[in-house]
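Engineer: So that we are looking at the same thing, I have put the structure below in structure tokens.
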Amino acid sequence: MDRPHPSPLTVAVTAIAACFSICVDAAPATDSEGALTASGDAFLDAGQYAKAEASYNEALQLAERDAGLESERVLAPLLGLGNTLAASGRHQQAVPRLQRALAIQRSQYGLFDLRQQATLKSLAASLTKLDRIDEAQDLMIYRVRTAEKNFGEGDPKVIPAVCDLGDWFSEVGLAPEARLTFQMALNIAGDKESLNAPIIVEPLRGIARTYMRRASYPENWLRPLSHPRKCGSGPFWCELGRSSNVESRDLSSDGERALQRALRILEADPGASMPTLIETLIQMGDWRQIQKAPREALPYYQRAWKLIHEAASLPSSTAAALDVPVRVAYLTPQIVSDVPEVPAEQMRSNYVQVEFTVAADGSVQDARIVDHDARDKYAQEIFDAVRAARFRPKFTDGQAVAATGVTYREVFWTEKPRD
């Protein structure tokens, strides 16, 4: 019987592991650190977090022993370790590693050096997962300030950092602040209705994403910032945090126009990034799915599928975007969003696991609860939310097909019952 062929990534990881001990034994300390760090990088890319952690830890110990705890040499393995812990969901452990790396970068390079940008973003992501929102917000705003210090407040090179801030605002439920931030990015580019510069594509897509994410938030989830943030000299920064409106969950025509405009710019640009064009087509299809208009979504998905299979090379996330069903709208149940404001020792975790079919039109069919340890009332609430969810369907040979046996496990926190 023929054996399945390993993937190129598996081959690469195996090859690195095979020569790993030889490389370390034969090389000077700095080369050994490099080999160990490269091995960690390969394991991290392959999702083999335990092996990545071991490689980074060994490289870090070598760097600390030979160069000192605060040397530049510790940065690569330390960042790799922090990112590995974050990728495996251990954000409590990732934060001190990433904080230490940031302190070393600032000591070695200066407070506003651009080399800290990725670290700031990774650290903010882990802090957000731990619900340390104010700390994360400060870091994301600092990224914008760093870009402004290096390029100037009105330079288009600031736009990527501004868009990252907008995405973060949207992720934590600050939709008005998110849209204001994306509008700032458009203003930097000198936005006019006639402007068709590719640099405004990401802010336009960001505006649409804020509305799309809002479709999955419970009614009480949007909230204003606790206090205004002033991180720059322009009037925009003085307004951050002053929005207090809780808006409709419905998709807005403003977001649809922004997304359509982004798509027109990309389609008219012969030098447009193929991954960005594919992702924007898929985003437009997702927008239609959230509107429960699967027939209108289908042509966008099919065009994206065709481009994926015609492209010579694409990022793995883009290449696989239509290989499996992807949830695009899920009205988070109130029991999930209402985390008890009590000490951790007084809380208990609960779960509800649902199995279902994602139909070719992106709807949920044949759903059933397969396991749960929550009260029946809560289990039913989550079950109803899953049944109402909308998905980007799986595609085979350019056609949407049903995907059976899809499972979803919702974990949430409640207060422990008192004796």
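Engineer: Suppose we look only past 18 Å in the calculated P(r) of segment 338-419. What percent of the Cα-Cα pairs does that tail hold? Don't skip to the end; give the middle numbers.
Structural biologist: Details: 1670 of 3321 pairs.
Taking all Cα-Cα pairs of segment 338-419, the fraction more than 18 Å apart is 50 percent.
Engineer: Of I335, V401, T357, which is farthest towards the positive pole of segment 329-415's charge dipole, taken about the Cα centre with +1 and -1 on the beta-carbons of Lys, Arg and Asp, Glu respectively?
Structural biologist: With unit charges placed on the Cβ atoms, the residue in question is V401.
Engineer: Set the Förster distance to 41 Å, then compute FRET efficiency between R257 and Q61 from the Cβ-Cβ distance, nearest 0.05.
Structural biologist: So the FRET efficiency works out to roughly 0.15.
Engineer: On to the next question. Points 7 angstrom from Cα along the Cβ direction at N150 and T404: gap in nanometres?
Structural biologist: Each label point lies 7 Å from its Cα, and together they span 5.2 nm.
Engineer: Using amide H atoms built in the peptide plane, which far-off residues or other-chain residues are under 5 Å from A367 H to H?
Structural biologist: Amide H neighbours of A367: T357.
Engineer: Still on this structure, please answer the following. At 0.36 nm per residue, minus the direct Cα-Cα distance, what do A293 and R375 gain on full extension? Give it in nm, one decimal, please.
Structural biologist: Going from the current span to full extension adds 26.1 nm.
Engineer: Measuring from label point to label point, each 7 Å out along Cα→Cβ, what is the E415 to R264 span in nm?
Structural biologist: Simple spin-label model gives 5.4 nm for this pair.
Engineer: Give, as ranges by residue number, the residues of segment 144-171 whose backbone N falls under 20 Å from the point 7 Å along Cα→Cβ of L114.
Structural biologist: What the label zone holds, given the 20 Å backbone N cut-off, is 144-166.
No lab work stands behind these numbers, since they all come straight from the coordinates. Predicted model only: the values in this text are computed from it and were never measured. Cβ coordinates were reconstructed from backbone atoms using ideal geometry, including for glycine residues, and neighbour counts include every protein chain displayed.
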